[in-house]
Amino acid sequence: MSELLKVKNLSVQFPTDKGTVYAVKDFSLNLNPGEIMGIVGESGSGKSTAAYAIMDLLQGARVTAGEISFQGRDMLSMSGEEKRSLRGGQVGMIFQDPMGCLDPSVKIEGQMVEMLRQHSNVTKGEARKISTEMLRSVGITDPEGVMKGYQHQLSGGMRQRVMIAMMLSTQPKLLIADEPTTALDVTIQDQILELLTKTCRENHMAMLFITHNFGIVARICNRVSVMYGGMIVEEGLSEDIFYSPGHPYTRGLLEAIPDLEPGAGRRLKTISGTPNDPFAPPSGCVFAPRCPDCTGICKTEIPKRQDMGGGHGVWCHLARQEGRKGE
Amino acid sequence: MSNELLRVENLIKTYPARTSKGQPVRAVDDVSFSIEKGKTLGLVGESGSGKTTTGRAVLRLTEPDSGSIFFEGKDITKGNMRPYRRKMQIVFQSPAGSLDPSFPVWKIISEGPKAYKLLKTKREAVELSRELLLRVGLNSEDAFRYPGEFSGGQQQRIGIARALAMEPEFVVCDEPVSALDVSYQAQIVNMLIDLRQERELSYLFISHDLSVVMHLSDEIGVMYQGQLMELGSCEEIAKHPAHPYTRELLRAVPVADPRKAASRESRIIAFPEGSVNRGCPYRLRCPVAGEECGGERPSFRDLGGGHFSACIKE
């Protein structure tokens with residue numbers, strides 16, 4: 001299958017008063033049509049920055065190395081005009097806060113129609129009809145009423161649905177979703193996830209889903225990359241990541257999540273320590289300062305990708321033995 | 001019942017309409033529950049379900065319109081709260097927003113006891129803060145730093161230290177881990193569990209995250225649009241959820257296990273916005289709702305063993 005999105009050795013830096021900070025280092029991924037890939041990590045892990053770099057939406061940061069190609073076309077050397085026609089057309093993006101993405105002074109209808117007419121050759125009437133149908137397909141019972149209103153008249157869940165309807169109306173090949181359900185309630189989140197996976201299945205849309213929630217990853221993703229300190233520490237099929245995690249960080253995170261069982265006050269497992277100071281990253285493995293299994297080499301050498309087979313890779317000096325033991 | 005620490009009866013809080021055309025909002029609508037000494041009641045529900053208002057009303061940080069609150073058998077609904085404030089504390093959701101950025105940490109932690117004249121000198125205040133900082137896993141030197149110098153997880157520890165400074169018996173924990181990353185979340189949950197045991201604390205633990213609530217509560221109350229839909233022990237709620245809304249919540253929580261996730265069904269249902277004035281508030285979204293649900297407001301039915309549900313269908 002031909003790759004839809006290919007990112008190779010991407011690095012992003014933030015110049016600050018106190019010096020340059022690497023937000024993302026050596027980030028690579030391949031995404032095929034119809035595939036859903038999750039990028040998980042905690043705040044500051046670089047997961048959103050990587051996504052913003054792909055969309056060329058970085059503010060105050062710049063890509064210092066690497067390649068990004070979409071359908072074989074180099075995105076980094078594209079003109080502003082070309083990028084604009086991709087964004088919102090073949091590549092869509094939805095954010096955690098839909099309020100910041102919708103224009104407060106334009107009715108929903110105006111925004112949806114404009115979006116469609118930017119990216120496809122349709123009349124206003126056709127655009128209106130497509131928009132109405134899209135709103136209905138995302139579970140909005142009164143699309144005509146919603147179209148005539150403004151974003152502030154809608155609840156958070158409705159706003160996110162409108163945003164998604166708008167993004168899907170141009171039938172993108174790739175959707176980048178940056179924590180689009182974090183601010184929503186679980187029942188509404190469940191519906192939005194269902195809607196997105198259904199679209200991927202039916203339209204062969206690929207999705208890059210950025211989240212801190214392993215539950216969501218388990219629910220929707222075929223493949224996962226786990227990020228820590230700006231770097232991918234583990235990648236693989238969901239099955240591999242959840243059932244035979246190779247990196248101590250992945251294992252730690254998975255064990256720290258309470259399952260949906262009465263806990264009777266059992267203590268949870270924790271990852272001790274705090275994230276790295278971005279101005280003084282460790283010289284070896286990014287996770288070494290918090291790692292329970294840290295050895296001498298971890299503090300001095302950056303680990304290379306250890307291949308565990310089947311696309312499962314672990315950036316850990318101890319991965320080979322550890323991973324095998326777990327099986 | 002001798003062990004009962006807190007009892008809330010028919011609590012109601014209404015906020016006035018925001019526009020001239022709008023309806024007043026019943027944030028808390030006839031809520032009753034009780035908490036025994038050393039036990040934890042978890043309140044779950046979506047945003048706007050009234051769980052935070054309930055927590056604040058219990059402490060009378062928001063004055064309820066009607067209803068009664070009993071603490072250690074005494075009616076505290078009216079009158080001066082000062083004798084009880086010491087024993088009843090709160091930990092807020094936003095660690096940054098609840099700490100005064102211009103105060104050093106020792107001052108934040110010791111302000112309560114100082115107001116109650118429990119501390120005489122600055123030295124005593126600093127000493128107490130140092131002790132409590134150590135207890136919540138920070139350094140005693142942190143007493144002289146300012147809130148802005150700490151991460152979110154550390155700020156939440158300071159918020160907990162402040163609540164502990166009054167040596168409370170009851171703490172309202174309002175979404176204490178929601179703003180935190182998974183690795184910090186587990187640390188704070190563990191600390192709350194340890195403190196509960198050490199100091200025989202009782203919690204009203206408010207969260208939208210059913211997994212966390214399930215983990216550290218003895219009993220769970222499920223709220224929807226200001227009303228309690230179901231109340232029961234953790235075990236009962238997990239194994240025999242009686243209300244359709246509780247079942248929907250249990251189904252919708254994403255679990256970190258792809259095989260389990262794949263075995264669950266999801267459907268996209270269109271549901272109208274807004275609230276209802278009559279009948280069951282959940283009926284607009286309820287898969288089993290019928291005509292009869294639009295009539296009387298369902299009252300709690302006793303299912304035995306302290307398990308209650310507000311659904312007339314089952």
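The values are calculated or read from the model by the stated rules, or taken from the named source; none is laboratory data. If you're wondering where the values come from, they're calculated on a predicted model, not measured in any experiment. In this analysis, Cβ positions are derived from the backbone assuming ideal geometry, glycine residues included, and neighbour counts consider all displayed protein chains. Accessible surface is based on the protein model in full, side chains and every heavy atom, while ligands, DNA and RNA are left aside. Shrake-Rupley method; radii C 1.70, N 1.55, O 1.52, S 1.80 Å.
Rundown of residues vs (1) of a type in the set (D, E, K, R); (2) out of contact with any strand residue (DSSP E or B) (no Cβ under 8 Å at 6 or more places or on another chain); (3) outside the structural domain of A:SER28 (by TED's automatic domain parsing), yes/no style:
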{"position": "A:THR211", "(1), (2), (3)": "no, no, no"}
{"position": "A:PHE214", "(1), (2), (3)": "no, no, no"}
{"position": "A:LEU237", "(1), (2), (3)": "no, no, yes"}
{"position": "A:GLU255", "(1), (2), (3)": "yes, yes, yes"}
{"position": "A:PHE287", "(1), (2), (3)": "no, no, yes"}
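Here A:ALA165 clears all of (1) part of a helix (DSSP H, G or I); (2) touching a residue at least 60 places away in the same chain (Cβ under 8 Å) except the condition numbered (2). Against the list (1) aromatic (Phe, Trp, Tyr); (2) modelled with pLDDT of 95 or more; (3) open to solvent by 80 Å² or more (accessible area, probe 1.4 Å), the condition A:PHE279 fails is (2). Taking the listed residues B:GLU131, B:GLU175, the one that is within 14 Å of chain A (Cβ to nearest Cβ), out of contact with any Pro (no Cβ under 7 Å at 6 or more places or on another chain) and not β-branched (Val, Ile, Thr) is B:GLU175, with no other qualifying. When the residues of region A:290-326 are filtered to those that are basic (Lys, Arg) and under 28 Å from the mean Cα position of the chain (by Cα), which remaining residue is modelled with the lowest pLDDT? Checking each candidate, the answer is A:ARG320.
Remark: A:ARG305 falls outside the filter, which requires a residue to be in contact with a strand residue (DSSP E or B) (Cβ under 9 Å, 6 or more places away or on another chain), touching a residue at least 40 places away in the same chain (Cβ under 8 Å) and charged (D, E, K, R).
Residues that are in a loop (DSSP other than H, G, I, E, B), polar (S, T, N, Q) and on the phi < 0 side of the Ramachandran plot are absent from region B:27-42 altogether. Any residue in region A:139-159 that is under 29 Å from A:GLU3 (Cα atoms), open to solvent by less than 40 Å² (accessible area, probe 1.4 Å) and within 13 Å of chain B (Cβ to nearest Cβ)? No, the conditions are met nowhere in region A:139-159.
Across region A:172-181, a minimum of one residue is classified as surrounded by fewer than 23 Cβ atoms within 10 Å (Cβ to Cβ), in contact with a helix residue (DSSP H, G or I) (Cβ under 9 Å, 6 or more places away or on another chain) and closer than 26 Å to A:LEU254 by Cα.
Do we have B:VAL213 as more than 7 Å from every other protein chain (Cβ to nearest Cβ) and touching a Ser or Thr at 6+ places or on another chain (Cβ under 8 Å) here? In short, yes. Output yes when any residue across region A:200-217 is open to solvent by 10 Å² or more (accessible area, probe 1.4 Å), touching a residue at least 24 places away in the same chain (Cβ under 8 Å) and within 12 Å of chain B (Cβ to nearest Cβ), and no when none is. Looking through region A:200-217, at least one residue is open to solvent by 10 Å² or more (accessible area, probe 1.4 Å), touching a residue at least 24 places away in the same chain (Cβ under 8 Å) and within 12 Å of chain B (Cβ to nearest Cβ). For B:PRO101, the requirement of being away from chain A (no Cβ under 14 Å) and outside any helix (DSSP H, G or I) is met. Here region B:186-210 is the region considered, the condition is being more than 7 Å from every other protein chain (Cβ to nearest Cβ) and within 25 Å of A:GLY44 (Cα to Cα), and the residue that is surrounded by the most Cβ atoms within 10 Å (Cβ to Cβ) is B:ILE188. Considering (1) under 19 Å from A:GLN306 (Cβ atoms); (2) within 12 Å of another protein chain (Cβ to nearest Cβ), the lone condition that A:LEU193 does not fulfil carries the number (1). Across region A:218-236, the number of residues qualifying as more than 9 Å from chain B (Cβ to nearest Cβ), open to solvent by 30 Å² or more (accessible area, probe 1.4 Å) and more than 19 Å from A:ARG290 (Cβ to Cβ) comes to 3.
Residues considered: B:VAL213, B:VAL288. Of these, the only one that is among the β-branched types (Val, Ile, Thr) and open to solvent by less than 30 Å² (accessible area, probe 1.4 Å) is B:VAL213. For A:MET93, the conditions (1) assigned to a helix (DSSP H, G or I); (2) surrounded by 18 or more Cβ atoms within 10 Å (Cβ to Cβ); (3) among the hydrophobic types (A, V, I, L, M, F, W, C) are fulfilled apart from (1).
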